[in-house]
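Colleague: Below you'll find the structure I mean.
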Amino acid sequence: MLKKFFIICSGADTDILDNCAIGEQNKYAGIGATVFFTAVMAFIACCYALYTVFDNLLAAIAFGFIWGLLIFNLDRFIVSTIKKRNNIIDEIIQASPRIILAVIIAVVISKPMELKIFEKEINQVLLEQKNDLTLANQNQIAEQFTPDEQALKADIQTLQSEIATKEAEVNALYDIYISEAEGTAGTELLGKGPVYKEKREKHDAALAELQALKSENKSKIASAEAQLAQLKSDYELQVTTSQPIIDGFDGLMARVNALGELPWLPSFFIFLLFLAIETSPIFAKLLSPKGEYDYKLEDAETAVKTWVEQKVNERKILLQTDQKLNNKIYNDIAEEDELYHYKRKKARELMELQADAFFEHQKNAL
């Protein structure tokens, strides 16, 4: 039963192959098994590839089953249409388009399998790429907030500098009026004289200005710090919002590109394996000698071809004979007086009817 199934998969004519030797049947059963298991591998590869895209197992299995059937049908068509001929050059020319198609199918099947085989290595490459993308994303977002942040920090530093300058001025005035009171500077008179009072008033006025400046600048600094905190919150929100996009950077195209970052030799050998599997039925038919099945198939095809050509020639001869008979018959009839007078009578009647119709038409027009 299994052998019969694989023979059907090979695309061979079962009616002819049933009358061939066991060895011939086994050869086509092997070819059919290769076609079948290639379709199975295509089904598995497509399921994995589509699962990485849709993340839905049922959808991946459904599309994978359709893809497996398509590959099975293509492989069966490729193998079944290769005919053994008496000239190896003709066979190679006949098989070359099918070999190209087989290479394309091998590439399509092997790539998802390579992604699965090297999944751990691909995940490592994707992790490094995600880390780079995360850092690049943070830097790009930071560039949007950096100008405003630097401007606010500069404003805060300016406000603090104004306070520090005013404090230094007040402290200097304090030292001046204290020195005046102690008699160590200024008039060098000990005690709180008019000069002392003048310097003390100047200090007190500056101190009042310092208090007012501190109050005003602290309010501005608090507002600037609140804006800085809001910028930091907005920055963290954008980073958090965009991070899931980076975390989801593991689709089919990303994995294919990551596979390209790995050494090419292991991937190339896997491709060669699938290429050998895909093209093996074709080369098996090309390299094998012309067998019993090929002779019987050629006999059946040439018999049909000969029968069709014979029917076509018979129809051509029949047509030529019929044309000659018709020409002779019509030539004989054309010489008969009875037929001449009959056609003359009918032509006369037709012309009279046309004349009457034209007269009626002209009469109505008037």
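A short reminder: the numbers here are calculations on the coordinates, not readings from a lab. The model shown is predicted, which means the values in this text are computed figures rather than measured ones. Cβ coordinates were reconstructed from backbone atoms using ideal geometry, including for glycine residues, and neighbour counts include every protein chain displayed.
Colleague: Let me have the relative contact order for the chain, percent, based on Cα pairs under 8 Å that are six or more residues apart.
Modeller: That works out to 22 percent.
Colleague: Put +1 on the Cβ of every Lys and Arg and -1 on every Asp and Glu Cβ in the chain; which of T81, I100, C20 then has its Cα farthest towards the positive end of the dipole?
Modeller: Farthest along the dipole direction, towards plus: C20.
Colleague: Turning to a different aspect of this structure: Using the Karplus curve 6.51 cos²θ - 1.76 cosθ + 1.60 with θ = phi - 60°, work out ³J(HN,Hα) for each residue of segment 30-44 in order, rounded to whole Hz, and write x for Gly and Pro.
Modeller: Working through the residues one at a time gives x, 4, x, 5, 4, 4, 5, 6, 5, 5, 5, 4, 5, 4, 5 Hz.
Colleague: Taking θ as phi - 60°, what are the ³J(HN,Hα) couplings along segment 161-171 by the Karplus curve (6.51, -1.76, 1.60), each to the nearest whole Hz, with x for Gly and Pro?
Modeller: 5, 4, 5, 4, 5, 5, 5, 4, 5, 5, 4
Colleague: Let me ask something else. Classify the chain: rounded, prolate or oblate, from the alpha-carbon gyration tensor (a ≥ b ≥ c, eigenvalue square roots; a/c under 1.5 rounded; otherwise prolate if a/b is larger than b/c)?
Modeller: Cα axes put the chain in the oblate bin.
Colleague: Take the cross-link list K3/K83; K84/K305; K3/K296; K4/K285; K83/K316 and give me the ones stretching past 25 Å between alpha-carbons.
Modeller: Values: K3/K83 22 Å; K84/K305 17 Å; K3/K296 20 Å; K4/K285 19 Å; K83/K316 31 Å.
Check vs 25 Å cut-off fails for K83/K316.
Colleague: Determine, from the Cβ-Cβ distance of A357 and E314 and an R0 of 45 Å, the FRET efficiency 1/(1 + (r/R0)^6), rounded to the nearest 0.05.
Modeller: 0.35
Colleague: Continuing with this model, one more query. Give me K111, K116 ranked fewest to most by other Cβ atoms within 10 Å of their Cβ, as a rough exposure proxy.
Modeller: With the sparsest Cβ surroundings first, the list reads K116, K111.
Colleague: If you take every residue apart from V40 with its C-beta less than 15 Å away from the C-beta of V40, what net charge results, scoring Lys and Arg +1 and Asp and Glu -1?
Modeller: Residues close to V40 contribute a combined charge of 0.
Colleague: Can you compute 3J(HN,Hα) from phi for each residue in segment 107-124, using the Karplus curve 6.51 cos²θ - 1.76 cosθ + 1.60 with θ = phi - 60°, rounded to whole Hz and x for Gly and Pro?
Modeller: Once θ is set to phi - 60°, the couplings for segment 107-124 become 5, 5, 6, 6, 4, x, 5, 5, 4, 6, 5, 9, 4, 5, 5, 5, 4, 5 Hz.
Colleague: A further question on this structure: What full-extension length gain, to one decimal in nm, is calculated for K197 and A136 as 0.36 nm per residue of separation minus the Cα-Cα distance?
Modeller: 15.5 nm
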